[in-house]
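K.L.:
Mind having a look at this structure? Questions to follow.
Read the figures in this text as sums done on the coordinates, not as results from a lab. Keep in mind that what you see is a predicted model, and the values were worked out from it rather than measured. Note that we place each Cβ from the backbone using ideal geometry, even for glycine, and neighbour counts take in every protein chain shown.
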Amino acid sequence: MTSPLAPSPGTGASACGCPEYTSLALSRRALLGSALVAGGAISLGGSTRAYAVGASSSASSSARRSPTGAVLVVLSLRGAADGLSLVVPHGDPVYYAARPRIAIPHAALLVPDAMFGLHPAMAPLTDLWTSGRLAAVHATGMATPNRSHFAAMEAVEDAAPGSRERNGWLNRLLGELPGSSPLQGTAMGGQIPTSLFGAQPAFVVDRVNGAKVAGADADGRRLAALRHAWSGRTPMDRAVRDALTGAQSFGAARDLPAGQPATAYPDSDLGRALSDVSRIIRAQVGADVITLDQGDWDMHTDLGTVEWGDLQRNAGDLAGSLAAFFADLGALGEQVTLVTISEFGRRVRENDSYGTDHGFGNVMLVAGGGVRGGSYYGRWPGLSDTSDADLLVTTDYRSVLSEVITRRFGVSTASVFPSFAPTPVGVMV
Amino acid sequence: MGRERLVDVLPGRERHLVTRFSYGLTPALAADVRKAGGAQAWFEDQLTAPTKVADGPAEQVRGWWPDLDRGPLDLWKRNVSEVRGGWEVMGDYSRWLLNRRIRTRRPVHEKMTEFWEAMLHVPVSGDAQFTWRVDYGETIRGHALGRFDQLLPAAITHPAMLIFLSAATSTKKAPNENLGRELLELHTLGVGNYTEDDVKASARILTGWNVDLWESWKASYVSDDHWTGRVEVAGFSHRNKDPDGRAVTREYLRHLAHHPRTAHHLCLRLATKFVRQDPPAALVRRLAKVYLAHDTAIVPVLQALVASKEFRASAGKKLRDPSEDVVATYRALGVEVRRPHSGESSANAMLWQAENIGLAPHAWPRPDGSPVDDDTWASPARALASMDVHWSLSGGWWPTQDVTYRMAASWVPKKGIKFRDLVDAVSRELLHQPASKRLLVTAAHATGCRPKEKITRDHELVKWAFPRLLAAVLDSPDHLAC
């Protein structure tokens, strides 16, 4: 355009007489945690869209790292995974009595000790396990059972029972770390998960390649217009500003090609998401905390047996994706610690549909830098075989998370998990 | 203006009502509203006599996706023999809904169909339930402005719901708790208002409803599978001695539909969707009273909702969700979508646009259905994706098949127009309101034009930069929110 930019950015906002919209108060957090919503079957090839105007400004990414260089990846197994199938308590005879059809035979288990062994579909993870970079903590969970998916996700990710404040534990962790870039807390997917929701800014990205402002021009007019339009205080105002800031520094990740590890990523939502997480970490755009999800764990029917079923499929995807991720990171994997969390576990006894109903205790996997791998942690409470029986919780999941963040980020957990006194787990160096 | 007269906009209060209960206020819809005698009269007609307005163009699009009329077994056989996958048919279903929403002149019925279909959610993705999913949507559509105590049993005992939440194979031997629990938490009483014993009894009541999975896909009732014996759930008590448990199911669902906690839960969701996130408790209480006093009829609740001061004060405070964003953008730009001939045709491709922004219709992967709050959709990823879709439609760059976009020159009279008047004309057409000062400043930032600058058809803005102006309007809070 030949005309000069008429109003100077910043002067219009205060003079503007419009908008009741700005009075919309920041309100209750989303009831829901996030879910990886992108349809698995259909995707839009980026090549089909070419825009006529402008080249995207290659943003100056000021690479910054947390003081320790650590990155925490939190993988949520949405739907409540059956921890008794993932890390099987073969030494507890009740396990086999309560699950006549779906129990995993002892002989099929991987890396067994006297009590536990991994589901055979987790074979891609045996290298990480035997090289001491992967561990499991069993019988973990919240202090009291909550069998509602939605209420439990909320409570797990709030991680501050009794508090009415609207901020998740990862958002509070970000508050303890230096820096104020929205990229420090990045969620893969479409929505901000409860764990990242709060006062600290956060970035959300569905696919790395899409994290840019369409039509952004070299003259900066489009960005100036957007900043002017969204200078208010609503959640969307904030989201737009975080998007503009984040997309600008995200260029390095977009420019970095996807890794081609020797152990290939599975062709799955989780595989694609972890490949993108690897790009974000390798590009060093300043992510301290990254969240992502794997869905479809709510197996009321057709969890299946060792030979068939949804559990075998999902566990195989999980194991293959994690193996590829750490292969992709290479030596950088030493800086990255990944933890899995599921909102609750399943009942001990199987139901009549080759599945299990909502239970309580579960297993957490901890992988990567700083992990004392190759071992099973936690105190086994023993199972009982009644229709109501749960795996009881002997380790509060916050104890596991406390150990990870104190050892990796060197911060106190007093504000991350208010009024909680963690007990030692031993899973971290 | 190429299209001559400036759009005559409805008064603010009328704009609010029609915008909130439609898929975007266009000049054509405003004409319908005026013809009905104003927004209030229009709304009454929409609630009580929707068939008063002819809706041929919306009905017509159903024929664009003939697989939607196939039965469960037919769909399944075609899926197995790889003639056409179930997920492709479900893509058609979502596309049909998007195109219907763009065209319909009965938006209140359409919106309420969408509302209940999200609350009584059966995702369109799923290996098994896709066979019955179109019929499920039709079932809900038939009750969308009726009574909840009739809608609830129709939905809960529908094969699609039975399949999705594991009730289709649940038996008395070890009843599957999936549907029994979500019925209490998501469809009726709400979280925190039931016990684990309620869940078990709820699951027992629902045993016997069966679908012949993977074979004939026929629905039946199998008395041998029904758990008998006394059941007690949330104030409902029944001896349940008859192996045919259909009667006890009906009584149970009727009890739940009339339960005060259900009234509260349902009215909270209605108020969150149609008034604002975090609606005042007093409003929800009033609506719940109306609901119970009218035997779970939906229309009186909606009438009370729009008559409330809370509703009147909520103009512009709801964020559009991904599908609403896509549909409103097509409507605002007056994009003419024709019968599709390939996957790239706009009638089909708009599904990917909704997915890109965050969610295709009814594709939410969890049983709690597409969220009706704002926070879920106020994320940086959504912001970037919305800008992306607005940008490509503003420029007419994608999709390009079987679609016609309005030419930039049609916005500008032959003799030219001042930039600020042009912005006002665009605002009236796209947003159905005069340009605010903020919008004018935003547009000036985006284009570099001065407010009094004269714009003629050979101005650079018209020749190649018009998408900047349209996108600035579509990316603004006035379009993203409604």
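K.L.:
Find, among the GluC sites (Glu not before Pro) in the stretch A:107-203, those assigned to loop by DSSP (not H, G, I, E, B) with at most 15 other beta-carbon atoms within 10 angstrom.
P.N.:
Qualifying residues, ordered by number: A:GLU165.
K.L.:
Treating only the Cβ of Lys, Arg, Asp and Glu as charged (+1, +1, -1, -1), what charge dipole size does the stretch A:314-429 show about its Cα centre? Round to the nearest 20 debye.
P.N.:
The calculation lands at about 480 debye.
K.L.:
Now, a different point. Applying 1/(1 + (r/R0)^6) with R0 = 56 Å to the Cβ-Cβ distance of B:ASP69 and A:THR126, what FRET efficiency is obtained, to the nearest 0.05?
P.N.:
Rounded to the nearest 0.05, the efficiency is 0.65.
K.L.:
Now, a different point. Can you tell me the mean projection area, over all orientations, of the convex hull of the stretch A:263-349's alpha carbons? Units nm², please.
P.N.:
Across all orientations, the stretch A:263-349 yields a mean hull projection of 6.7 nm².
K.L.:
Could I ask something else about it? In degrees from 0 to 90, rounded to the nearest 10, what is the angle of the helix B:107-119 Cα long axis to the longest principal axis of chain B?
P.N.:
It is inclined by approximately 50 degrees.
K.L.:
Moving on. Just name one of B:THR195, B:ALA465, B:PRO371: the one whose Cα is farthest towards the positive end of the charge dipole of chain B (beta-carbon charges, Lys/Arg +1, Asp/Glu -1).
P.N.:
After comparing all options, I get B:ALA465.
K.L.:
With only Lys, Arg, Asp and Glu charged, each at its Cβ (+1 for the first two, -1 for the last two), find how big the charge dipole of the protein assembly as shown is about the Cα centre; round to the nearest 20 debye.
P.N.:
3440 debye
K.L.:
Counting only C-alpha contacts under 8 Å and six or more residues apart, can you give the relative contact order of chain B as a whole percent?
P.N.:
Here the relative contact order equals 17 percent.
K.L.:
Indicate the gyration tensor shape class of chain B (rounded, prolate or oblate), computed on the Cα atoms with a ≥ b ≥ c the square roots of the eigenvalues: a/c under 1.5 is rounded; otherwise a/b larger than b/c is prolate and the rest oblate.
P.N.:
The shape class here is prolate.
K.L.:
Excluding residues on the same chain fewer than 8 positions from B:LYS454, give the lysines whose Cα lies under 16 Å from its Cα.
P.N.:
Answer for B:LYS454, where 16 Å is the Cα cut-off: B:LYS414, B:LYS415, B:LYS418, B:LYS463, listed by chain and number.
K.L.:
Further question on the same structure: Whole-Hz Karplus ³J(HN,Hα) for the stretch A:156-170, in order, using 6.51 cos²θ - 1.76 cosθ + 1.60 and θ = phi - 60°, x for Gly and Pro?
P.N.:
4, 7, 5, 6, 9, x, x, 8, 9, 6, 9, 8, x, 5, 6
K.L.:
Taking H as built 1.01 Å from N, whose amide H comes closer than 5 Å to the amide H of A:ASP293, not counting residues under 5 places away?
P.N.:
Counting only residues 5 or more places away or on other chains, the set is A:SER76.
K.L.:
Please state the shape class of the stretch A:80-216: rounded when a/c is under 1.5, otherwise prolate if a/b exceeds b/c and oblate if not, all from the C-alpha gyration tensor.
P.N.:
prolate
K.L.:
What residues qualify as long-range amide H neighbours of B:TRP227, i.e. H under 5 Å apart, gap of 5 or more or another chain, H built at 1.01 Å from N?
P.N.:
Close amide H contacts, sequence-distant or interchain: B:LYS172, B:THR207.
K.L.:
If you take the square roots of the eigenvalues of the alpha-carbon gyration tensor of the protein assembly as shown and sort them as a ≥ b ≥ c, do you get rounded (a/c under 1.5), prolate (a/b over b/c) or oblate?
P.N.:
oblate
K.L.:
Work out the length of the dipole vector of the stretch A:170-271 about its Cα centre, built from +1 on the beta-carbon of each Lys and Arg and -1 on the beta-carbon of each Asp and Glu, and round it to the nearest 20 debye.
P.N.:
Using Cβ point charges on Lys, Arg, Asp and Glu, the stretch A:170-271 gives about 360 debye.
K.L.:
Among the listed pairs B:LYS173/B:LYS241; B:LYS273/B:LYS309; B:LYS52/B:LYS317, which are separated by more than 27 Å between their Cα atoms?
P.N.:
Beyond 27 Å: B:LYS52/B:LYS317.
K.L.:
Read phi for every residue in the stretch B:445-455 and hand back ³J(HN,Hα) as whole Hz from Karplus 6.51 cos²θ - 1.76 cosθ + 1.60, θ = phi - 60°, with x for Gly and Pro.
P.N.:
So the J values, rounded to whole Hz, are 4, 5, 9, x, 7, 8, x, 8, 4, 7, 10.
K.L.:
Something else about it: Mind checking which of B:SER386, B:VAL423, B:TRP398 is farthest towards the positive end of the stretch B:386-482's charge dipole, using Cβ charges of +1 (Lys, Arg) and -1 (Asp, Glu) about the Cα centre?
P.N.:
B:VAL423
K.L.:
Read phi for every residue in the stretch A:367-384 and hand back ³J(HN,Hα) as whole Hz from Karplus 6.51 cos²θ - 1.76 cosθ + 1.60, θ = phi - 60°, with x for Gly and Pro.
P.N.:
9, x, x, x, 8, 7, x, x, 9, 9, 10, x, 9, 7, x, x, 9, 10
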